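Below: the structure, in structure tokens.
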Amino acid sequence: MSKKRLSTLQPLRPRHRSARAAAALAGALVCAAQAQPAPATGEHPVSASPAAAAASAPANASTPVGGASAPPAAVARPPDLRELWAAFQKVGVKESEVALLAQPLAAGSPLLASHNEKLALTLASTTKVITTLASLQTLPGSFRWRTRAWLTGTPQDGHLAGDLILVGGGDATLNSQRLVAWFKSLHAQGLRDVRGHIVLDQRLFRLSEKDHARTPSPTDANPHHAWPDALVVDDSRFKVTLRAGESGALTAQFDPPLGQVDVVNRLSGGARCAAQLALEPAATPAPKPSAPPAKAPAPEVTPSPVVPVVLPAPAGSQPAAATAIAAAATASATTPAAPPTASASAPQAVAAAAPQPIPPVARLVVSGQWSPRCATPLALEAVPSRALSAALVAGAWQASGGTLGAQVVHRDGAAPAPAARRARQPATPYPGKPWATLESAPLPELVRAINKDSNNLMARNLLLSIAPGFSPTTSTLQLAKQRLGQWFKKVGLAQGAPTVDNGSGLAHSEQGSVFSMVQLLQTAWGDPKVQKVFLASLPVAGADGTLAGRFKGSPAQRNAFLKTGTLNGVRSLAGYVRTQSGRMVAVSIVVNSDNASAAVPVMDRFIEWVVRNG
């Protein structure tokens, strides 16, 4: 391959560059490099199928930007990069399947290396660089996701005759532990017994099936594919652990606790220790929400179609206490477990009337083979679903010590008509201020969690959160993408901007060039309001996040700050490298190939090359 001249790449001139900003950024680098190792949990690599492919090894392109002469230390060394291309060829990756760009950030610095810099390739999770940077530059630094509570009545002596309405604000970090703590604070405010329903209002995100068309569906094997939702708990995931109890009967332990579900045992006897888990709609329809008192808002509520839940322990016991499945391994394949007792879920405030059991909203079916002889507990993950939110809320309410007189139900969150989708709509029809509010961590911490651990659900919810006026007005994917397009123009990417479908990189249609990625990295570097936060959010090579296990003992260890990307047939890196000469270099490298997984060590060698030669 002949050398190419990248005459069109011009380092972005930072709008605010000062000695104070430079010092702040240097301090951020020191803090990032000293980060303690943490396990990577966000990325889920999938091995690509092998394919035989080979190509001639290209030479390096290292012509300085704008024709400026580069000092000797900044000149790329062709023999080194020739070895890199030979390594790509050895693992079956063609030069047409690789794009890379390395640009020093100092003003006027020459280009270090480039190849296929304008070729649009699938970015995988480096798309999160776009989502998080856009949020930092379009949302206020004080931005938080907020879950709000309204009441359809006034509590009297701790009892509410109406419904407790929880309006989701897109908080993808909401979990059962935080919910239990929040519910306990509601008890302290005077609300312990809800005699109506807990209503989950998820309409702040107005999404349609079309919005999910290009992203994979969540499954047991891929729970990290969970779709965005305005009110989601525990990433819409829970586990059931099967084990033999002291009496020999099988038990099921739910983590986190669930509520308002029947457990159905369809296990059969056998030598295998294998079981499956399924969530099914309850056989009986759920009752309608209780009528609110006069002059109170009356929400239109529909029952949750499927609500997975635990047979929760009474208040004061362990939240995740084991629940008997009520059968040994030889039990009938259709024998259901005993339903929850009335006292476990019915309100306890009215002494004059006997408490009535709450009909289950769903049933948890355990099938397959399992017996007390199975020594190792079997942990199962249910398919992520919206109904899980209702089950988890029910479990958290009971674990907090609260009582509930009816089912947890969903308020309809269907997508609006196309004409209405562009209109700004109020978040809720409920008048006045919410009775209570639960806030997430501030935006900088959300961005850090997304990039360090490559959290897909958080990234998708954050993209929806940049829609104009979001919370207290509703968001649609269309509005969020329009806002993103406006931001691209503002930062100089009116032409050649990346294609973003969901903000997480889960879709192969989310594509962009390394040229545009480096431009965005330069934008972040040149903005003193976001540079420190953004840099601190990136995984540190050999230290934390998705790079905790890479670059160990390498020159790049603690000198590379890179977002990783992993999809079938895709591997990518984007971020910053601190070179041995002390310079900072913006880098982006993407491989789209059947043999992309085999190219990871070669990509790491490129980063190490930048450390030595930048």
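The values are calculated or read from the model by the stated rules, or taken from the named source; none is laboratory data. The structure presented is a predicted model; accordingly, all values stated were derived computationally and were not measured. Here the Cβ positions follow ideal geometry from the backbone for every residue, glycine too, while neighbour counts run over all protein chains shown. The accessibility values were calculated without ligands, DNA or RNA, using every heavy atom of the protein model including side chains. Shrake-Rupley method; radii C 1.70, N 1.55, O 1.52, S 1.80 Å.
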How large is the charge dipole for the stretch 128-208, taken about the Cα centre, if only the Cβ atoms of Lys, Arg (+1) and Asp, Glu (-1) carry charge, to the nearest 20 debye?
280 debye
Considering the convex hull of the alpha carbon atoms of the stretch 561-614, report its projected area averaged over all viewing directions, in nm², one decimal.
3.2 nm²
Counting only protein heavy atoms and a 1.4 Å probe, tell me what percentage of the stretch 464-614's accessible area is made up of carbon and sulfur.
49 percent
Estimated translational D of the stretch 500-614 in µm²/s (Stokes, Kirkwood radius over Cα pairs; 10 °C; 1.306 mPa s)
109 µm²/s
Show K529, K94, K128 ordered by accessible area, largest first, where the area counts protein heavy atoms only and the probe is 1.4 Å.
K529, K94, K128
Taking every pair of Cα atoms in the stretch 130-226, average 1/r, invert it to obtain the Kirkwood radius, and report Rg/Rh to two decimals.
1.07
Quick check: with the 1.4 Å probe, what order do C374, C273 take by accessible area, largest first?
C273, C374
Under a 1.4 Å probe, counting only protein heavy atoms, W435 has an accessible area in Å², nearest 10, of 80 Å²
Just the accessible area per residue of the stretch 147-213, please: how many Å² with a 1.4 Å probe?
35 Å²
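Given a cut-off of 28 Å, name the pairs among K481/K532; K239/K552; K94/K210 whose C-alpha atoms lie farther apart than that in the structure shown.
Details: K481/K532 26 Å; K239/K552 33 Å; K94/K210 34 Å.
Table pairs above 28 Å Cα-Cα are K239/K552; K94/K210.
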Keeping all protein chains in place and using 1.4 angstrom, which order do E439, E97, E209 fall into by accessible surface area, from largest down?
E209, E439, E97
Isotropically averaged projected area of the stretch 510-558, using the convex hull of Cα atoms (one quarter of hull area), nm²
4.4 nm²
Angstrom value of the Kirkwood radius, inverse mean 1/r, which spans all Cα pairs in the stretch 426-540:
15.9 Å
